[in-house]
1. Can you tell me how many residues in the stretch 107-142 are assigned to a helix (DSSP H, G or I) and modelled with pLDDT under 90?
2. Being at negative phi and under 22 Å from the mean Cα position of the chain (by Cα) narrows it down to one residue among E113, E143, E102; which is it?
3. How many residues are assigned to a strand (DSSP E or B) and over 14 Å from Y46 (Cβ atoms) when one looks only at the stretch 62-76?
4. Quick one: is M151 at pLDDT 90 or above, of a type in the set (A, V, I, L, M, F, W, C) and surrounded by 16 or more Cβ atoms within 10 Å (Cβ to Cβ)?
5. Restricting attention to the stretch 91-99, does a residue exist that is surrounded by 13 or more Cβ atoms within 10 Å (Cβ to Cβ) and either within 30 Å of K134 (Cα to Cα) or not assigned by TED's automatic domain parsing to the domain that holds I32 (or both)?
Amino acid sequence: MYKSYNNGNYGFKRRDARDFNETKTFDRNASIRLKKDDGSIEQMTYGQAEKLAQDQGLDVVVVNEKAAIFKIGDRKKEEYLKKKAQKEQDKKNRENARRSEEKTITFGPNIGENDFNTKMNKAAEFIEEGHPVKIIVQFRGREISHKDTAMSTLKPMIVEKMTAANAVCSKELPITDQNHARDWMFFYVKSKAQAKEAV
């Protein structure tokens, strides 16, 4: 019987999980699973896998540490591709985080038509870039007493602009805390999936 990879007979000096494919001392009698090019798995000892790799001028490379799965390949090339893929994933994650940053558009109920269109066009740009957009209509002083009348006019205008931008409204509610005197908030996102997440 082969020695088990998972009962402590697979020995090596490990510094960091990221460097797992670097050259180390392995128990050549440890039982491992070798993944072939066609995707099939063959049970053998590490020493047998090492011999196959040496015959091809290649290395035994870790595929899955916990499952004791290895493959034959170029260790340096594998490490290069792994690091390259990680850098690309990190870059993608940073871009996604930046795109998902919430943006806020604010204006009062007496905003002029040109200013309103400018604000809505900016909101549409944010939506297109993937940002969730919070649109806040701010009411101050005497404007508060005419809030319902103002919203009956502004709401259809906001909905029309955001619908044209293919945006989905996930929330609509008044803001009544001490820092906002009867403001009205719309929360728009780019897709229905984002709208469900925001609820």
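1. Restricting attention to the stretch 107-142, the residues satisfying the condition of being assigned to a helix (DSSP H, G or I) are 113-128, 141-142.
Keeping just the survivors that are modelled with pLDDT under 90 gives 128, 141-142.
Here the count works out to 3.
2. Values: E113 fails: under 22 Å from the mean Cα position of the chain (by Cα); E143 fails: under 22 Å from the mean Cα position of the chain (by Cα).
Result: E102 is the single residue among E113, E143, E102 that is at negative phi and under 22 Å from the mean Cα position of the chain (by Cα).
3. Initial filter on the stretch 62-76 (assigned to a strand (DSSP E or B)): 62-64, 69-73.
Subsequent filtering for residues that are over 14 Å from Y46 (Cβ atoms) retains 64, 73.
Residues flagged as assigned to a strand (DSSP E or B) and over 14 Å from Y46 (Cβ atoms) within the stretch 62-76 amount to 2.
4. In short, yes.
5. Within the stretch 91-99, the subset surrounded by 13 or more Cβ atoms within 10 Å (Cβ to Cβ) is 99.
Next cut, either within 30 Å of K134 (Cα to Cα) or not assigned by TED's automatic domain parsing to the domain that holds I32 (or both) only: 99.
Yes, some residue in the stretch 91-99 is surrounded by 13 or more Cβ atoms within 10 Å (Cβ to Cβ) and either within 30 Å of K134 (Cα to Cα) or not assigned by TED's automatic domain parsing to the domain that holds I32 (or both).
So that you can scan it fast, the table gives a plain yes or no per residue for (1) among the β-branched types (V, I, T); (2) modelled with pLDDT of 65 or more:
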residue	(1), (2)
G11	no, no
D19	no, no
T23	yes, no
D37	no, yes
G47	no, yes
E50	no, yes
V63	yes, yes
K76	no, yes
Q86	no, yes
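The values are calculated or read from the model by the stated rules, or taken from the named source; none is laboratory data. Here the structure is a predicted model, which means the values were calculated and not measured. All Cβ positions, glycine included, derive from the backbone under ideal geometry; neighbour counts span all protein chains shown.
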